[in-house]
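Sharing a structure here in structure tokens format.
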Amino acid sequence: MKKIITLIVPISLLMVACGSPSTDTQTQLETAPETETMATEENTVIVALVSPEEDISMGDSELILEVQDNTSGEVVAVENIEVSSTMPMEGEEPMISKVEIEPTETPGQFKVKTNFGMAGTWNLAATVKDEKYQGENEIIVEVK
Ligand SMILES: [Cu+2]
């Protein structure tokens with residue numbers, strides 16, 4: 001009889017021990033993500049290609065990129081963006097093109113000069129580092 005009792009007691013202790021921490025985790029999950037989402041959505045921007053709207057040809061190219069609020073799509077007047085222009089190549093190093101960026105008269109819009117040396121898919125990797133706004137995205141360009 002004594003043996004059976006000692007076996008039952010440790011099991012019920014284990015069940016109690018497993019039960020209480022999981023309720024703690026649940027309350028933490030309910031509060032934490034809410035504040036995180038609010039903080040990032042307010043400050044996240046993307047860089048979008050606004051011109052040219054038509055096909056882009058091989059060779060020297062002049063593009064207009066615009067920094068936009070990730071939620072509303074409105075132009076955000078940041079002062080600087082970084083852009084790299086690369087083409088992934090099968091079995092080789094990616095092709096990398098020189099990129100020149102100048103601000104335009106419209107705040108939040110930038111003139112980007114690059115050279116697409118080959119027809120196909122190019123990636124423009126854009127980064128915004130601003131005191132208030134942050135964003136990083138890729139613009140895929142199909143060069144004809
Ligand atoms: Cu290539």
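The values are calculated or read from the model by the stated rules, or taken from the named source; none is laboratory data. Bear in mind the structure is a predicted one, so any value in this text is a computation, not a measurement. Cβ coordinates were reconstructed from backbone atoms using ideal geometry, including for glycine residues, and neighbour counts include every protein chain displayed.
Conditions first: (1) assigned to a loop (DSSP other than H, G, I, E, B); (2) within 14 Å of the ligand (Cβ to nearest atom). GLU142 passes all but one, so which condition is the exception?
Among (1) assigned to a loop (DSSP other than H, G, I, E, B); (2) within 14 Å of the ligand (Cβ to nearest atom), the lone unmet condition for GLU142 is (1).
Go through segment 87-102 residue by residue and tally those that are part of a strand (DSSP E or B) and either basic (Lys, Arg) or surrounded by 15 or more Cβ atoms within 10 Å (Cβ to Cβ) (or both). It would help to see each step written out before you state the result.
Taking segment 87-102 and keeping what is part of a strand (DSSP E or B), we get 87, 95-97, 99-102.
Cutting the leftovers down to either basic (Lys, Arg) or surrounded by 15 or more Cβ atoms within 10 Å (Cβ to Cβ) (or both) gives us 87, 95, 97, 99, 101.
Summing the residues that are part of a strand (DSSP E or B) and either basic (Lys, Arg) or surrounded by 15 or more Cβ atoms within 10 Å (Cβ to Cβ) (or both) in segment 87-102 gives 5.
A further question follows. Of all residues in segment 105-127 being part of a strand (DSSP E or B) and polar (S, T, N, Q), which is farthest from the ligand (Cβ to nearest atom)?
GLN109
Within segment 80-98, how many residues turn out to be within 16 Å of the ligand (Cβ to nearest atom) and either closer than 16 Å to ALA119 by Cβ or not small (Gly, Ala, Ser) (or both)?
13
Give me a count of the residues in segment 128-139 that are outside any strand (DSSP E or B) and not basic (Lys, Arg).
3
Pairs needed: first member in segment 92-116, at pLDDT 95 or above; second member anywhere, among the small types (Gly, Ala, Ser) and in a loop (DSSP other than H, G, I, E, B); C-beta distance under 7 Å; at least 6 residues apart or different chains.
MET95/GLY117; SER97/GLY117; PRO107/ALA77; GLY108/ALA77
I would also like to ask the following. Residues of segment 85-118 being of a type in the set (S, T, N, Q) and either under 23 Å from the mean Cα position of the chain (by Cα) or outside the structural domain of GLN68 (by TED's automatic domain parsing) (or both), which ones?
Residues satisfying the conditions are SER85, THR86, SER97, GLN109, THR114.
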